[in-house]
Amino acid sequence: MGGHVSLTDDPTQSVIEFLKSRNIDKIHIEPNVLDESALREACITITHEPDPALLVGVTKAVCGLADTGSVLIVDGEGSPLQASLLPEIHIVFLRASDILPSLENAVHLIRPTHAAVLITGPSRTGDIEMTLTIGVHGPGELRVFLIA
C-alpha cells in the first residue's frame with residue numbers, strides 16, 4: 001500500500017542515516033525503541049512529547065500482520081499513536097519474529113484500556129472526483145525497518 005520496508009541489523013544507525021539523508025534533525029520517538037544517546041551524538045534532537053511541527057515520528061510495532069502487510073501500534077508511554085499519526089513521515093520498527101499470520105492472531109495483544117491502530121501504508125483518501133490524495137489524514141510516508 002505504498003510503504004517502504006528495509007531490513008536492518010542496526011536500527012539506530014539505520015534511522016540516523018535516513019534522517020541525515022533528509023536533513024532532519026528533530027524527531028518524536030517512542031521511549032526504548034532506539035539508542036537515544038547515539039541519536040543525540042548524531043546531533044538529532046529527540047522528544048517523547050507530540051509536536052505537530054515535527055516531520056518524523058518513530059515507534060515500535062507490537063506485531064506485523066502477514067496477510068495485510070499491516071503493523072499494530074498500541075498507545076502508551078511517549079504517545080506512540082501520536083508519533084505514528086501526526087508527522088509527515090512515520091518510521092516503525094518491527095521484529096521479524098513478531099510477524100503473525102492475521103489479525104485473529106494479534107487481537108489478544110491489545111489491552112482493552114489502550115487505543116491501537118493498524119497501519120498498512122501512508123494515509124490516503126479520495127474525493128468525490130476520485131482523485132487520490134496521500135498524507136491528508138496522517139503520514140504521507142511510512143518506513144518499516146524489519147529487524148531480523
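The values are calculated or read from the model by the stated rules, or taken from the named source; none is laboratory data. Note that this is a predicted model, so its numbers are computed, not measured. Cβ coordinates were reconstructed from backbone atoms using ideal geometry, including for glycine residues, and neighbour counts include every protein chain displayed. Please note that ligands, DNA and RNA were not included when accessible areas were found on the heavy atoms of the full protein model with its side chains. Shrake-Rupley method; radii C 1.70, N 1.55, O 1.52, S 1.80 Å.
Points worth noting:
- Complete set of residues in the range 31-50 that are touching a residue at least 24 places away in the same chain (Cβ under 8 Å), open to solvent by less than 70 Å² (accessible area, probe 1.4 Å) and either in a loop (DSSP other than H, G, I, E, B) or within 14 Å of Glu77 (Cα to Cα) (or both): Pro31, Val33, Leu34, Ala42, Ile44, His48, Pro50
- Residue, farthest from Leu142 (Cα to Cα), within the range 51-63, restricted to residues that are touching a helix residue (DSSP H, G or I) at 6+ places or on another chain (Cβ under 6 Å) and open to solvent by less than 30 Å² (accessible area, probe 1.4 Å): Cys63
- Close pairs from the range 76-93: first in contact (Cβ under 8 Å) with a residue 40 or more places away in the chain and farther than 19 Å from Pro11 by Cβ, partner of a type outside the set (A, V, I, L, M, F, W, C) and open to solvent by less than 10 Å² (accessible area, probe 1.4 Å), Cβ under 8 Å, at least 6 apart: Ser79/His28; Gln82/His28; Gln82/Gly57; Leu85/Gly57; Leu86/His28; Leu86/Gly57
- Selected residue (only one of Ser70, Ser6, Ser14, Ser84 is closer than 15 Å to Phe145 by Cβ, open to solvent by less than 50 Å² (accessible area, probe 1.4 Å), out of contact with any Pro (no Cβ under 8 Å at 6 or more places or on another chain) and at pLDDT below 95): Ser6
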